[in-house]
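Quick note: the coordinates plus some simple rules give every number you see, no bench work behind them. Computed from a predicted model, the values in this text were never measured in an experiment. Positions of Cβ are backbone-derived with ideal geometry, glycine not excepted, and every protein chain shown enters the neighbour counts.
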Amino acid sequence: MPPEYEVVIGLETHVELLTESKIFCSCPNRFGEAPNTNVCPVCLGLPGSLPVFNKNALELALRAALALNCTISSYSKFDRKNYFYPDLPKAYQISQYDKPLARDGYLDLVKDGRLVRTVRIERLHLEEDAGKLLHSSEEARSYVDYNRCGVPLVEIVTAPDLRSPEEAHLFLELLRKVLLYTGVSDCKMEEGSLRCDANISLRLAGSDTLGRKVEIKNMNSFKAVQRGLEYEVNRQEEILKAGGQVAMETRRWNEERGITVEMRGKEEEHDYRYFPEPDLPPIVLNEDFIGEIRSKLPELPVQRCFRLIEEYGLSPYQAEIITSSKNLADYFEETLEHYPQPQKVTNWLIGDVLGLLNSMGKEINQVTFTPVHLSGLLKLLDTGTLSGRLAKEVLEESFLTGKHPEEVVQEKGLAQISDEQKLLPVIDDVLKENSNAVSDYARGNKKTIGFLVGQVMQRTRGQANPQLVTELLKKQLDRVEYG
Amino acid sequence: MELYEMTAYEAATALQKKEVTSLDLTESVLKRISEVEDIIKGFITVFDNEKVLLQAQNIDKLLAEGKEMSPLAGIPMALKDNMCTRGVPTTCASKILKEYRPPYDAHVAEKLQEAGTILVGKANMDEFAMGSSTENSSFYHTRNPWDISRVPGGSSGGSASLVAADEIFFSLGSDTGGSVRQPASLCGVVGLKPTYGLISRYGLIAFASSLDQIGPLTKDVRDCALVLDIIAGNDPRDSTSVPREKEKYAGYLGREVRGFKIGLPREYFEEGIEEPVRKVVMEAMAHCGQLGVEVEEVSMPNTLYALPCYYLVATAEASSNLARYDGIQYGFRAPEEDNLIALYRKTRNQGFGPEVKRRIMLGTYALSSGYYDAYYLKALKVRTLIRQDFERVFQDYDLIVTPTSPTTAFVRGEKINNPLTMYLSDIFTITANLAGVPAISIPCGLAGGLPVGLQVIGRPFDEGRMLQFCFTLEKLLGFKGLKPSIPAKGVLRDAS
């Protein structure tokens, strides 16, 4: 029987913090500026410049750490990580080495309302980002853009607790959700505000020693992380099955070719010569301050998802969609304050509202259609002022114009006609003009009534209350039948 | 008496009494510079005379308009060339920064400009402030005005010699292990290294960040207090600058010193010290009795380890601080097109001088994996012990007095090929940097016709009382008024 292998994965994630300014200077923390325009002596590492720690970065990092259930260090410090590279203007990165801001946290992997695994977070520390090299193939030379230098980052390192590429993918999705909920980062992998390297090794199933690990870099999307790891699982399995040994090395994911390629071996690894950053005082935190940050944390996505299931009877599927963003979940619960019918609100939110948002490419907080609008719309449905079909029309109009549904109904004269006196003349006309259908009905083909209702709806441009129309039609037809 | 011979205070007083103008004072120092600078070579850059004079005229105008300005407004001065001055070469006396013009002003440069002082030029130094003789300047050697065959000390040798030679009324230096005090001692001027954190390091090109501190070099103690009044104070751009209420140091001068208790640490008077130096310092201390100041011998046993401790901490930080000079963004770049590593190697090999390379290698080694605990970490522990030595003595004593340097100015070339002997030149000054405490050197007499410096060390942020004591002692020492006689230009060829 061929040996069974267990996959062991740990992730190192770098997350850019959503601060106003950079971590050690007052340059704005912005993406997408013209190269080398968002810089100053400090982030350029010019001789004589000195770093000043941005307290806002500390607050966001603490939020992330608390949301990941970490223990916050009452004493932590900055260290210098020394290495030469053109995108690193001081030739050292200000980071944290042996005294990180936070340690020993965890993130619960939950899928379909079920706990898949608890992934331990080994550490979370603060550091500054480096610049970017731009390679010109035509000129055979490289340029440096220093704009990103000094953008605040937290590095989040997991224990080797993930057991499959899918789990790695799920972890990143949930991590992203937590960081979005807490306002720590915008987590845009395509803009590099969330980046992930992975360590992966295989071991014989049942073994509790770790195999020889490979580090994979350059995976630029959640999908790439999963694909890169899947490729690596297969590659390592083949080596091991052939009786070989996996080389400890760093490999680079090549997206186009769908493979990993060797970057550097263990012997080429840097000696970063970490030592305490003498230009910055240590970070000393007291319980009060930490407590203050903790008190400002929102309810986290997993907890909220479970609560929505419990409190409102949503299905795990519904709850996961509603809690996919904090704004949507907030919207949901705010709507319920005005209109306490969870299932109806859920159906409209997940169906039509999300559909419209997707087609507009917008988030729920970016439109003027508020929970008051949605609850208003649902009330119009309940009172029979709107039919389901009209309601969708009103929703669209309200979405585009920001007008309240009632206003739309009034302006466009879209209200459902439930007035018998208005409907009866139309019904009479329809019956007169469709004598064939009427006689079919009389002969016992009761289905014809559907056709007649359709005719009435058409003549009223869909505004007639279909239930009332059916009722009135039956009355008229029966009168014809028996009269 | 020529105007340039005055102290900054005397010149400022004359200026306020409208006996002279800033233009007069500036013309006077420019004349002095034209006479002796070829011999002294204390400057790396002297600014365009027309522009400097224009600045002086501008200050005169403001003063005439009755604008409220600092006591030193209109006084010409110089900065060590490791303090950034916007748009003006700031070289650290290194080939690697030879063409470098910073886009911003150091905190101290801003403060002195606000105060209305006239920046005349940038002073020579040991490359990146590494050295004790200014022989490590990549450009040329600076000479000691007292004997031009001798070194002015270092690394702020240019700043010290310019003041001693009356080329400037005062200057700023930087002190990482004695680089203000030792040249002050060798050139017969006053040099202060303040408490770590008293003066912002923003814009001071770093050598060893946890030790570096800017300090004034002046003709006497009063000038030192006046300059300190301008440059001391919290700066939010330097996180190691200490937020505390601003003091008026000049206010301490002339106050009674009776009742002060002074400790003389045995370890600073025993090994390595030249007997004449020891004698001059002890004679100076003999005045204490008549001042009502109590003097006792004390012991600071960890002094012994200060030198190795210093050369691990300072070089470790330097190896990191100087890593940015890689030829990529600014400064010298060796011609190399193809290979990044080769570009780094050639740039740094050609751009740095031998002493800088030696210290970068030493520091890199001390931080390397496998050696960190044995060297860097151990040095940090020793540093704590040295600090505790000071704390213990300061429980019972107000001040500590030692010689500033074990020798007077030595002959150029004498120690440059033996780094260890050169390092010993700072043996009495490095402890104050390691402990972060303030220390000042004042000239206390001559030995063999050369100035001897007396070092006064105080508690953290006790500069006021240190100056108070030095001001009183200075009056009794009779060094004041002694001036070196600088030979005419003609003898230069023979002397060098």
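Report the FRET efficiency, 1/(1 + (r/R0)^6), for B:Glu414 and A:Ser207, where r is their Cβ-Cβ distance and R0 is 51 Å, rounded to 0.05.
Here the calculated transfer efficiency is 0.15.
What is the mean number of Cβ atoms from other protein chains located within 10 Å of the Cβ atom of each residue in peptide B:198-208, rounded to a whole number? Write down the numbers at each step before the final one.
Working: counts 0, 0, 1, 3, 6, 6, 3, 4, 6, 0, 1.
Per residue, the average neighbour count from other chains is 3.
Rounded to the nearest 0.05, what FRET efficiency do A:Lys379 and A:Arg443 give with R0 = 45 Å and r taken as the Cβ-Cβ distance? Could you check?
Working: r = 43 Å, r/R0 = 0.95.
My answer for the efficiency is 0.60.
May I ask for the distance between the Cα centers of the stretch B:70-133 and the stretch B:256-306, given as a whole number of Å?
Their Cα centres are 34 Å away from one another.
Enter the angle in degrees (range 0 to 90, nearest 10) between the Cα long axis of helix A:420-433 and the first principal axis of the Cα atoms of chain A, meaning the one along which they spread out most.
Here the helix axis deviates by roughly 70 degrees.
Taking the alpha-carbon centroid of each part, what is the distance from the stretch A:333-373 to the stretch A:242-256 in angstrom?
For the stretch A:333-373 versus the stretch A:242-256, the Cα centre distance is 47 Å.
Residue farthest toward the positive end of the dipole of the protein assembly as shown, with Cβ of Lys/Arg at +1 and Asp/Glu at -1: which of A:Tyr312, B:Asn339, B:Tyr252?
Looking along the dipole axis, the top candidate is B:Asn339.
Among the listed pairs B:Lys346/B:Lys415; B:Lys357/B:Lys415; A:Lys132/B:Lys80; B:Lys31/B:Lys475; A:Lys422/A:Lys475; A:Lys55/A:Lys296, which have their C-alpha atoms separated by more than 23 angstrom in this model? Kindly include the intermediate steps, with their values, before the conclusion.
Details: B:Lys346/B:Lys415 28 Å; B:Lys357/B:Lys415 18 Å; A:Lys132/B:Lys80 35 Å; B:Lys31/B:Lys475 30 Å; A:Lys422/A:Lys475 16 Å; A:Lys55/A:Lys296 16 Å.
Table pairs above 23 Å Cα-Cα are B:Lys346/B:Lys415; A:Lys132/B:Lys80; B:Lys31/B:Lys475.
Rg to Rh for the stretch A:44-192: what is it, with Cα atoms only and Rh by Kirkwood? List each step's numbers first, then the result.
Numbers: Rg = 17.5 Å, Rh = 17.1 Å.
Rg divided by Rh gives 1.02.
Please give the peptides B:374-385, B:40-51, B:250-261 ranked by average Cβ packing (other Cβ atoms within 10 Å per residue), highest first, as a rough proxy for protection. Numbers along the way, then the final one.
Numbers: B:374-385: 16.9, B:40-51: 18.4, B:250-261: 14.8.
So the peptides B:374-385, B:40-51, B:250-261, ranked by packing, come out B:40-51, B:374-385, B:250-261.
So, by mean Cβ neighbours within 10 angstrom, what's the order for B:60-72, A:326-338, B:24-36 with the highest one leading?
Details: B:60-72: 14.3, A:326-338: 19.1, B:24-36: 20.7.
Top of the packing list down: B:24-36, A:326-338, B:60-72.
For B:Phe170, B:Phe139, what ranking results if the residue with the fewest other Cβ atoms within 10 Å of its Cβ goes first? Working shown, then result.
Working: B:Phe170 29, B:Phe139 16.
Placing the least packed residue first, the sequence is B:Phe139, B:Phe170.
Whose amide H sits under 5 Å from the amide H of A:Leu109, counting only residues 5 or more places off or on another chain, with H placed in the peptide plane?
HN-HN under 5 Å from A:Leu109: A:Val116, A:Arg117, A:Thr118, A:Val119.
What does the charge count around A:Ser375 come to, taking other residues whose C-beta lies under 13 Å from its C-beta (Lys +1, Arg +1, Asp -1, Glu -1)? Intermediate values should be presented prior to the final figure.
Values: positive: A:Lys344, A:Lys379; negative: A:Glu333, A:Glu334, A:Glu337, A:Asp382, A:Glu406.
Taking every Cβ under 13 Å from that of A:Ser375, the sum is -3.
Past 26 Å, Cα to Cα, is the threshold; run A:Lys326/A:Lys403; B:Lys18/B:Lys51; A:Lys412/A:Lys432; A:Lys213/A:Lys241; B:Lys17/B:Lys219 against it and keep the listed order. Can you show the working numbers first?
Working: A:Lys326/A:Lys403 24 Å; B:Lys18/B:Lys51 23 Å; A:Lys412/A:Lys432 30 Å; A:Lys213/A:Lys241 16 Å; B:Lys17/B:Lys219 21 Å.
Among A:Lys326/A:Lys403; B:Lys18/B:Lys51; A:Lys412/A:Lys432; A:Lys213/A:Lys241; B:Lys17/B:Lys219, the Cα-Cα distance tops 26 Å for A:Lys412/A:Lys432.
Show me the three semi-axes of the equivalent ellipsoid for the stretch B:391-439, from the C-alpha gyration tensor (sqrt of 5 times each eigenvalue), largest first, rounded to whole Å. Numbers along the way, then the final one.
On the way: eigenvalues 160, 25, 10 Å².
Result for the stretch B:391-439: semi-axes of 28, 11, 7 Å.
What does the charge add up to near A:Arg148, with Lys and Arg as +1, Asp and Glu as -1, over the other residues with Cβ less than 11 Å from its Cβ? Write down the numbers at each step before the final one.
Numbers: positive: A:Lys22, A:Arg30, A:Lys132; negative: A:Glu16, A:Glu33, A:Asp87, A:Glu128, A:Asp129, A:Asp145, A:Glu191.
It works out to a net charge of -4.
Give a residue-ordered list of calculated ³J(HN,Hα) values for the stretch A:163-168 (Karplus: 6.51 cos²θ - 1.76 cosθ + 1.60, θ = phi - 60°; whole Hz; x for Gly, Pro).
10, 6, x, 5, 5, 4
Which whole-percent values make up P(r) of chain A when all C-alpha to C-alpha distances are grouped in 20 Å steps starting at zero?
P(r) over chain A, rounded to whole percents: 19, 40, 24, 14, 4, 0.
I need the Kirkwood Rh of chain B: take the reciprocal of the average 1/r across all distinct C-alpha pairs and report it in angstrom. Can you show the working numbers first?
On the way: mean 1/r = 0.0446 Å⁻¹.
It is 22.4 Å.
What is the set of long-range amide H partners of B:Gly74 at a cut-off below 5 Å, with H atoms built 1.01 Å from backbone N?
The list, which skips near neighbours in sequence, is B:Thr117, B:Ile118.
May I ask you to derive the relative contact order of the stretch A:339-465, considering only C-alpha pairs under 8 Å and at least 6 residues apart, and to give it as an integer percent? Before the final figure, lay out each step's value.
On the way: 96 pairs, mean separation 27.9, N = 127.
Worked out over the stretch A:339-465, it gives 22 percent.
If you split all Cα-Cα distances of the stretch A:136-226 into 5 Å bins from zero, what percentages do you get per bin, shortest first?
3, 10, 18, 20, 16, 12, 9, 8, 3, 1, 0
Placing +1 on the Cβ of each Lys and Arg and -1 on the Cβ of each Asp and Glu in the protein assembly as shown, which of A:Ser142, A:Tyr274, B:Ser200 has its Cα farthest towards the positive end of the resulting dipole?
A:Ser142
Would you mind computing the Rg to Rh ratio of the stretch A:420-482 from its alpha-carbon coordinates, Kirkwood style for Rh?
0.93
Volume per residue, Å³, of the convex hull around the alpha-carbon atoms of the protein assembly as shown? Don't skip to the answer; put the middle values down first.
Details: hull volume 244.7 nm³, N = 979.
Taking the convex hull of the Cα positions in the protein assembly as shown, it is 250 Å³ per residue.
Let me confirm one metric for peptide A:278-286, namely the mean number of other chain beta-carbon atoms within 10 Å of its residues' beta-carbons. Walk me through the intermediate numbers first.
Numbers: counts 12, 9, 3, 2, 0, 0, 0, 0, 0.
Averaged over the peptide's residues, the number is 3.
Compute the distribution of all C-alpha to C-alpha distances in the stretch A:5-291, in bins of 5 Å from 0, and list the percent of pairs in each, rounded to whole numbers.
Calculated over all Cα pairs of the stretch A:5-291, the distribution is 1, 5, 11, 15, 18, 17, 15, 10, 5, 3, 1, 0 percent.
Taking the Cα atoms of the stretch A:199-261, what is the range of coordinates along each of the three principal axes, in descending order and whole Å?
For the stretch A:199-261, the Cα spread along each principal axis is 32, 21, 17 Å.
Out of all Cα-Cα pairs in the stretch A:304-426, roughly what percent, to the nearest whole number, are more than 17 Å apart?
On the way: 4229 of 7503 pairs.
Roughly 56 percent, rounded to a whole number.
Partner chain Cβ atoms within 10 Å, averaged over the residues of B:316-323 - can you pull that number for me?
Details: counts 3, 6, 0, 4, 11, 7, 2, 10.
Mean partner-chain Cβ count within 10 Å for B:316-323: 5.
With a sphere of radius 15 Å drawn around the Cβ of A:Arg30, what net charge do the other residues whose Cβ falls strictly inside it have (Lys, Arg +1; Asp, Glu -1)?
On the way: positive: A:Lys22, A:Lys132, A:Arg148, A:Lys188; negative: A:Glu16, A:Glu20, A:Glu33, A:Asp129, A:Asp145, A:Asp186, A:Glu191.
Around A:Arg30, the charge tally is -3.
Beta carbons within 10 angstrom, averaged per residue: use that to sort the peptides A:141-149, B:275-283, B:77-85, highest first. Intermediate values should be presented prior to the final figure.
Values: A:141-149: 19.3, B:275-283: 17.6, B:77-85: 29.2.
Descending packing order for the listed peptides: B:77-85, A:141-149, B:275-283.
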